[in-house]
Amino acid sequence: MKSFHDECAVFGIWGDNEAGRMAYLGLFAQQHRGQESSGIVTLNEKEHLHHKGLGLVGEVFDEASLERLKGHAAIGHNRYSTTGSNLIANAQPLSAMLFSGPVAIAHNGNIVNAKAIREELISQGSIFQGTNDTEVVLHLLSRNPTRDFIQNLKDSAQKIEGAYSFTILTGDKLIAMRDPYGFRPLVLGRRKLENGSVSVVIASETCALDLIGAKFEREIEPGEIFWVTHEGEYSIKIEKKVEKTAHCVFEHVYFSRPDSFVFGKSVYEARKAMGRELAKESAVDADLVIPVPDSGVPAALGYSAESGLPFELGIIRNHYIGRTFIQPSQSIRSFGVKIKLNPQSHILRGKRVVVVDDSLVRGTTSQKIIRLIRSAGAKEVHFRLASPPTTGSCYYGVDTPKREQLIASHKSVEEIREFIGADSLAFLSPDGLMSAVGSKERGFCAACFTGRYPTDLYGLDKE
Ligand code: SF4
């Protein structure tokens, strides 16, 4: 229903003979970050074993494929295509055989100068398999004459710009690498095994650590290359200075799971704080507060706590609508949003209702939801968004509509209110959002709200 789509999830594990199965669970916990393809590569002795396919984690892997994925280390990836179309060639991890041995790479983010690097490489004779930005990293690695893989990686990092949280598996090491801005999250945890040894776990979000019983230790620092081998653990920094970090604020607004800790903060608490700020900024006389489920729930709780208005689940969501739901005919399609959301008329009838959602992108879904609430008998509908108006596209690994499709890029708040049919409409201010996510301690990217992109866009905004 959202028009901003999650990007990708990465996972990595070292020192566990069930590494393939742990990767499966780690990807399952991070399914919300990408639903188009999934893949795992394990390291068995010095050999890589692969399995990937199009679809959800549960569709791509079965008992037989997991049985085949033997080894003591693994990386995994869930993909939502951002750059490159939905082809199996673009499903990750991407693999290659380099002079230094096998390498597999899983990427969350988007390399903004990938196109320029790709064109240069093609002009010099390189052959690309797919159309995604991650493949350029494999090519850069393959062309570096040094036999030290980490030095090679560090050199490649000098050439790429943008958002990248990588897990990389070679013939003898697991590597985690994060861009100097720290756009996308990447965390390190440890899991105690029954035999007393401890495995190293890397994931996009802490919810993946929780599922497999791993303990969060720290974030992979922005600009850090961390790696683990049979000999030990190592960490170096990419030699590229940036003024301040640019963590994606949308991770807190919508992408990450509310039970994750992202950029050092609970996503659930950040969303509640957004709701509290919103209530301070745009209070209204009303009888109750309801969320748009599920993404608006924590912010609506915060709004309710700050405003003193009772919180109710005025809309119930059907959780069993998967990608496989077929809308067989026009007559069924016309039920639209009702197939997923059911308004509770016994709660809403005759009431002045504050409706809280996380963000507003095109406005068409909000319009349908407001109609639904009115049809259930609500007297007034006051729509509140726990983020500022979305006015720009993302070039850092999030699938966004073109700028002109973002309603706030060409309509005023009053025009949007009229379009969606609310009695009143208010967005959280950029300052309110920044205070909710703790921007005093860290730098955030909020470019899709402010238009201030932290890096050069290499013409991507002109395409
Ligand atoms: S532009 Fe928006 S979605 Fe993209 S990284 Fe910045 S805050 Fe996140």
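The values are calculated or read from the model by the stated rules, or taken from the named source; none is laboratory data. What you see is a predicted model, and the numbers here were worked out from it, not measured in a lab. Please note: Cβ atoms are built from the backbone with ideal geometry, for glycine as well, and neighbour counts cover all protein chains shown.
Counted as qualifying within segment 39-100 are the strands (runs of 3 or more DSSP E) with 1 or more residues that are within 26 Å of the chain's Cα centre (by Cα), more than 18 Å from Tyr164 (Cα to Cα) and free of Cβ contacts under 8 Å to residues at least 40 places away in the same chain, namely 47-54.
Here's the yes/no breakdown for (1) in a helix (DSSP H, G or I); (2) small (Gly, Ala, Ser):
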{"residue": "His107", "(1), (2)": "no, no"}
{"residue": "Asn110", "(1), (2)": "no, no"}
{"residue": "Glu119", "(1), (2)": "yes, no"}
{"residue": "Asn132", "(1), (2)": "no, no"}
{"residue": "Leu138", "(1), (2)": "yes, no"}
{"residue": "Arg147", "(1), (2)": "no, no"}
{"residue": "Gln151", "(1), (2)": "yes, no"}
{"residue": "Ala157", "(1), (2)": "yes, yes"}
{"residue": "Gly182", "(1), (2)": "no, yes"}
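Screening Phe128, Phe166, Phe99, Phe149 for residues that are surrounded by 14 or more Cβ atoms within 10 Å (Cβ to Cβ) and modelled with pLDDT under 90 leaves exactly one candidate, Phe128.
In segment 298-311, is there at least one residue being within 23 Å of Asp399 (Cβ to Cβ) and within 16 Å of the ligand (Cβ to nearest atom)? No. Looking at (1) more than 22 Å from the chain's Cα centre (by Cα); (2) away from the ligand (no atom under 16 Å from the Cβ), which is the only condition Asp357 fails? All conditions are met except number (1). Annotation note: of Lys272, Lys280, Lys265, the sole residue that is under 16 Å from the mean Cα position of the chain (by Cα), of a type in the set (Lys, Arg) and either at pLDDT 95 or above or in the same structural domain as Arg349 (by TED's automatic domain parsing) (or both) is Lys265.
Here Glu45, Glu63, Glu36 are screened, and the one residue that is modelled with pLDDT under 95, assigned by TED's automatic domain parsing to the domain that holds Asp210, under 28 Å from Lys192 (Cβ atoms) and not aliphatic (A, V, I, L, M) is Glu45. Scanning segment 433-457 for residues that are charged (D, E, K, R) and surrounded by fewer than 16 Cβ atoms within 10 Å (Cβ to Cβ) turns up Lys440, Glu441, Arg452, Asp456. In this structure, does Ala378 turn out to be under 21 Å from Ala286 (Cα atoms), away from the ligand (no atom under 16 Å from the Cβ), part of a loop (DSSP other than H, G, I, E, B) and in contact with a strand residue (DSSP E or B) (Cβ under 9 Å, 6 or more places away or on another chain)? Yes, satisfied.
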